[in-house]
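Novice: The structure is given below, and queries will be raised subsequently.
The values are calculated or read from the model by the stated rules, or taken from the named source; none is laboratory data. These numbers come from a predicted model, not from an experiment. Virtual Cβ from ideal backbone geometry, glycine too; neighbours counted across all protein chains shown.
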Amino acid sequence: MFSLNNLLRPHILTLMPYSSARDEYTGKEGTFLDANENPLGSTTDTGNYNRYPDPHQWAIKQHLAPIKGVRPEQIFLGNGSDEPIDLLVRATCVPGKDAILLMPPTYGMYEVSAAVNDVHITKVPLTADFQVDTNAVLAAITATTKLIWLCSPNNPSGNLLQPDAIRTILDAAHQSLVIVDEAYIDFADTPSWTSELDKYPNLVVLQTFSKAWGLAALRLGMCFASEELIRVLNKIKPPYNISAPTQTLALGALNNEAEKNKMVTEILQERQVLAENLRSLPSVQVVHPSDANFLLVQFADAKATFEYLIEQQVIVRDRSNVKLCDGCLRISVGTSDENERLLNVLGQMHEVTSPANLPLGTGDEATKPELVSTT
């Protein structure tokens, strides 16, 4: 039987949270002389930001809840998803004693947050097709395993993890939180795990406004969990973790969900076209299936391809040193013009480096041809 109290660090249970001015008075009207704010306004031409924002972002949560099919009390909003990732570690893991379990290749901040907090890291690699090795994961769970991280769709591989594997872990991990990171869920044809929150008290779901909503610069992440766990995260977060401009812009975005859906449709169409064209290139060995807004692509010579793309100011992510990603570059789906530019540069590289175009000489005596710039 899952018990959050047994999972939390003991001192968290009795911790007295900071009480901000806007916690003690939540009204919108009045003469505000309680928070030592500047009463004269702000030194900006774009508006007044002299008053502290809502520390719990209730307007966003009330608007977001019906969109996500959850209750407002099941939502925590953070400074990007990185904030709830760190808070979950700090709330549950005793430094030098407890552990997290992650499945590489996956999002790097799970490991970084654990390392910063001096928390042990257990790694159970995904299988060759980037799926959960369920038996190995279950065997690796111990009494000190406080957090189990599952990224679905996974980064950098791009694929959804099999739901049966996630469910098996949820059922078995009675004294661990199982976090399903769904940063790319809007690009996948599958329901969110948020629909299972009331069934699994040990389930946490992360999402973000950075991808499908197009708000990466605002740094706004979503965490969905039991009301009990959300209260804990609110207790240990900084008082005003989401700025007023971010809250205002996020509310505006939520009023324009149709535009988000339109952009997702366009990105999915571009993903398909890009994948098909990449597969036709001689330098491409594998284009891995994707349920996200990027493609993991294996090249015959990833290092040379990456460097050539950089020279041509086409920026992708080199993942060739990541486990199970030998020879792979991660390519975000761009606009039609950006994708065409990428494909043209890759095609140009093949022409420049093909044997027929190499200079005379062999081995070290041969000199590299001058790269032709298209910028």
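Novice: In the list ALA139, ALA114, which residue meets the criterion of being within 18 Å of ARG167 (Cα to Cα) and of a type in the set (A, V, I, L, M, F, W, C)? Talk me through it step by step, then tell me what you get.
Specialist: Values: ALA114 fails: within 18 Å of ARG167 (Cα to Cα).
The match here is ALA139.
Novice: Still on this structure: State whether one or more residues within segment 339-360 are of a type in the set (S, T, N, Q), at pLDDT 95 or above, touching a helix residue (DSSP H, G or I) at 6+ places or on another chain (Cβ under 7 Å) and in a loop (DSSP other than H, G, I, E, B).
Specialist: Restricting attention to segment 339-360, the residues satisfying the condition of being of a type in the set (S, T, N, Q) are 339, 344, 348, 353-354, 357.
If we keep only those that are at pLDDT 95 or above as well, we get 339, 344.
Filter once more, so that each one left must be touching a helix residue (DSSP H, G or I) at 6+ places or on another chain (Cβ under 7 Å): 339.
After this cut, where a residue has to be in a loop (DSSP other than H, G, I, E, B) as well, the list is none.
No, segment 339-360 contains no residue that is of a type in the set (S, T, N, Q), at pLDDT 95 or above, touching a helix residue (DSSP H, G or I) at 6+ places or on another chain (Cβ under 7 Å) and in a loop (DSSP other than H, G, I, E, B).
Novice: May I ask you to verify whether ALA300 is of a type in the set (A, V, I, L, M, F, W, C), closer than 25 Å to PRO66 by Cβ and either touching a helix residue (DSSP H, G or I) at 6+ places or on another chain (Cβ under 9 Å) or at pLDDT 95 or above (or both)? Before you say what the answer is, go through the steps one by one.
Specialist: Numbers: of a type in the set (A, V, I, L, M, F, W, C): yes; closer than 25 Å to PRO66 by Cβ: no; either touching a helix residue (DSSP H, G or I) at 6+ places or on another chain (Cβ under 9 Å) or at pLDDT 95 or above (or both): yes.
No.
Novice: Can you work out which of the residues in segment 138-159 that are of a type in the set (Ser, Thr, Tyr) and surrounded by 16 or more Cβ atoms within 10 Å (Cβ to Cβ) is farthest from VAL94 (Cα to Cα)?
Specialist: Filtering segment 138-159 for residues that are of a type in the set (Ser, Thr, Tyr) and surrounded by 16 or more Cβ atoms within 10 Å (Cβ to Cβ), the one farthest from VAL94 (Cα to Cα) comes out as SER157.
Novice: When segment 126-150 is examined, which residues are found to be touching a helix residue (DSSP H, G or I) at 6+ places or on another chain (Cβ under 8 Å) and not β-branched (Val, Ile, Thr)?
Specialist: As a first pass, look at segment 126-150 and keep what is touching a helix residue (DSSP H, G or I) at 6+ places or on another chain (Cβ under 8 Å): 131-132, 134, 137-138, 141, 146-150.
Once the filter is applied, which keeps residues that are touching a helix residue (DSSP H, G or I) at 6+ places or on another chain (Cβ under 8 Å) and not β-branched (Val, Ile, Thr), segment 126-150 yields GLN131, LEU138, LYS146, LEU147, TRP149, LEU150.
Novice: Grab the strands (runs of 3 or more DSSP E) fully contained in segment 21-137, keeping just those with 2 or more residues being surrounded by fewer than 21 Cβ atoms within 10 Å (Cβ to Cβ) and either more than 18 Å from the chain's Cα centre (by Cα) or in the same structural domain as THR248 (by TED's automatic domain parsing) (or both).
Specialist: On the way: elements: 75-79, 99-102, 120-123.
Where strands (runs of 3 or more DSSP E) fall fully within segment 21-137 and carry at least 2 residues being surrounded by fewer than 21 Cβ atoms within 10 Å (Cβ to Cβ) and either more than 18 Å from the chain's Cα centre (by Cα) or in the same structural domain as THR248 (by TED's automatic domain parsing) (or both), they are 120-123.
Novice: Within segment 272-281, identify whether any single residue is surrounded by fewer than 18 Cβ atoms within 10 Å (Cβ to Cβ) and more than 23 Å from PHE306 (Cα to Cα), and answer yes or no.
Specialist: No, because not a single residue in segment 272-281 is surrounded by fewer than 18 Cβ atoms within 10 Å (Cβ to Cβ) and more than 23 Å from PHE306 (Cα to Cα).
Novice: Only one residue in ASP171, ASP164 is over 12 Å from the mean Cα position of the chain (by Cα), farther than 23 Å from ALA91 by Cα and not assigned by TED's automatic domain parsing to the domain that holds PRO289, so which one is that? Quick ask: steps written out before the conclusion?
Specialist: Numbers: ASP171 fails: farther than 23 Å from ALA91 by Cα.
Every option except ASP164 fails the conditions.
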